[in-house]
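Taken together, the values in this text are just the output of simple stated rules run on the coordinates, not laboratory data. Not measured: the values here are computed from a predicted model. Here the Cβ positions follow ideal geometry from the backbone for every residue, glycine too, while neighbour counts run over all protein chains shown.
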Amino acid sequence: MIDHRHSDVAIVGGGIIGCAIAYYLSNQRLRCSVFDSGSLAGEASQASAGMLAAFMEADAPGPLAKLCIASQSRYAALAKRLYDETGIDIGYSQFGTIGIARNEAELSELKRRLEWFVGLGQAAEWLEPAQLRTLEPALADRLLGGVHTPSDHSVSSYHTALAFAEAAKRWGTRFYERTPVYRLLAENGRVIGVETAFGRMTADFVVVAAGSWSPSLLEPLHVKLPVYPVKGQCYSVILPFPLRRPVFAGKCYAVPKPDGTVVIGATQEEAGFDKKPTAEAIATLHETAKSMIPGMKDAKFVRTWAGLRPGNPNRKPIIGPVEGWEGLYVATGHFRKGTLLAPATGEMMASLITGFPTDLDAAPFAPKGHGLSEI
Ligand code: GLY
């Protein structure tokens, strides 16, 4: 008889990262349990606009850019596989992305990125204003130009998390929603499970993938994780004209979704765990959105929301084993890149725990060297 109180791996956090980890581990035949104090994908994952835009999110060449590109490249096959396995459409939309320059500062930043991005073998091209408007007639006519990245796409982050979860369930993972984890259980230098609202659940390995909530679980083990919430406010509209692909300027973006809405985001606010959308922030976002797409002024307003990204001062995710505690792993600090990096994070974590081979290098993201330290 299966003992449901014991798993090979207990995963704390049922967002896109926790669900991806469960998916890749269960593919390796490990029995996982995923615990979330709310519902699956109920926090940052449901707030995400779902851009898969390595060009926008990686600031310079290096291990993080490589990881963004590698993770993004997994989405095409993954979308098909998750659909075949679960019937869930993750909304993988493949029209590329456009980054636009409204001023000289944005122009030089885009050109800087273009140079190293193309240097990494990625498809990207500079478009003059007229070419931009041929591609997206809704764009403003006073732009200085822009970059089209034909392999930067988008998904529904929420549906991707649910599809990972549903597929993992079919491989034997158990999901415990509305089940807070009160503490990690540890003895003699190793973790042995988690204490939940429904009692002790033991496991050979514990992965903390609880986004902004991860540090409080690790503190009692005297491990300080430099992760904090970064609020992102968004709103959505219906446009009276087509917009085919995501468009961004600076850190503001407009992302068309398969349901006909366009998501505009996002603020970056260090406001603790406050998730309240504010009129002021949405008004500011709307001004920026209009500077990219003037017809935005005629958009029908749909709704507004906010999510908490797990920020990290060095902007790199923290993925790997926690030194000093055998069996304990973390996967958090993805900041703006949770959706983008979910496949790579799941694959790397499964490789770290089971030893199966992957061409992804987790070493640059190991907790050691990311400010993780004893209190
Ligand atoms: N991935 C974009 C954001 O976090 O706003």
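Given R₀ = 25 Å, what would the calculated FRET efficiency be for Arg178 paired with Ala279, taking r from the Cβ atoms and rounding to 0.05?
Taking R0 as 25 Å, the efficiency between Arg178 and Ala279 is 0.20.
May I ask you to order 203-210, 321-328 by the average number of other C-beta atoms within 10 Å around their residues, highest value first?
203-210, 321-328
Of the residues Gln131, Gln72, Gln233, which exhibits the maximal mean-square fluctuation in a Gaussian network model of the chain defined by a 10 Å Cα contact cut-off?
Gln131
With angles folded into 0 to 90 degrees, how steeply does helix 63-73 sit against the dominant principal axis of the chain? Use alpha carbons for both and round to 10.
That works out to roughly 80 degrees.
On C-alpha positions alone, give me the angle between the axis of helix 16-27 and the longest principal axis of the chain, in degrees, nearest 10.
Roughly 60 degrees between the two axes.
Around Thr86, with a cut-off of 15 angstrom between Cβ atoms, what is the net charge of the other residues, counting Lys and Arg +1 and Asp and Glu -1? Please report the intermediate quantities before stating the final value.
Details: positive: Lys80, Arg81, Lys169, Arg170; negative: Asp84, Glu85, Asp89, Glu166.
Cβ neighbours under 15 Å give a net charge of 0.
Excluding Cys19 itself, calculate the net charge of residues whose Cβ lies under 14 Å from the Cβ of Cys19, where each Lys or Arg counts +1 and each Asp or Glu counts -1. Can you show the working numbers first?
Numbers: positive: Lys169, Arg170, Arg174; negative: Asp36, Glu43, Glu85, Glu166, Glu177, Glu347.
Counting the neighbours of Cys19, the net charge comes to -3.
Can you give the charge dipole size of region 197-309 about its Cα centre, rounded to the nearest 20 debye, using +1 on the beta carbon of Lys and Arg and -1 on the beta carbon of Asp and Glu?
320 debye
If packing is taken as the average count of other Cβ atoms within 10 Å, what order do 254-265, 38-49 fall into, highest mean first?
Those peptides, ordered most packed to least, come out 38-49, 254-265.
According to the square roots a ≥ b ≥ c of the eigenvalues of the Cα gyration tensor, what is the shape class of the chain, taking rounded for a/c under 1.5, prolate for a/b larger than b/c otherwise, and oblate for the remainder? Numbers along the way, then the final one.
Values: a/c = 1.87, a/b = 1.80, b/c = 1.04.
Since a/c reaches 1.5 and a/b is larger than b/c, the shape of the chain is classed as prolate.
Quick check: from the Cα gyration tensor, does region 303-375 come out rounded (a/c under 1.5), prolate or oblate?
Cα axes put region 303-375 in the oblate bin.
So, with +1 on the Cβ of K and R and -1 on the Cβ of D and E, and no other charges, what is the size of the charge dipole of the chain about its Cα centre, to the nearest 20 debye?
440 debye
For helix 75-86, report the angle its Cα long axis makes with the longest principal axis of the Cα atoms of the chain; keep it between 0 and 90° and round to the nearest 10°.
60 degrees
In the neighborhood of Gln268, defined by Cβ-to-Cβ distances under 12 Å, what is the net charge if each Lys or Arg adds +1 and each Asp or Glu adds -1?
+3
Any idea which of Leu239, Ala342, Asn103 is furthest toward the positive side of the dipole for the chain, if Lys and Arg beta-carbons carry +1 and Asp and Glu beta-carbons -1?
Looking along the dipole axis, the top candidate is Leu239.
Given a 10 angstrom Cα cut-off, can you work out which residue in Ala161, Ala289, Ala279 is the most mobile in a GNM of the chain?
Residue with maximal mean-square fluctuation among Ala161, Ala289, Ala279: Ala279.
Compare Asn314, Asn188, Asn27 in a GNM of the chain, Cα atoms joined below 10 Å, and give the one with the largest fluctuation.
Asn188
Among Ala44, Met56, Leu67, which residue has its Cα positioned farthest towards the positive end of the charge dipole of region 37-88, with +1 placed on the Cβ of Lys and Arg, -1 on the Cβ of Asp and Glu, and the dipole taken about the Cα centre?
Leu67
In nm, to one decimal, how far is the modelled label at Asp59 from the one at Glu187, with both set 7 Å along Cα→Cβ?
Calculated label separation equals 4.6 nm.
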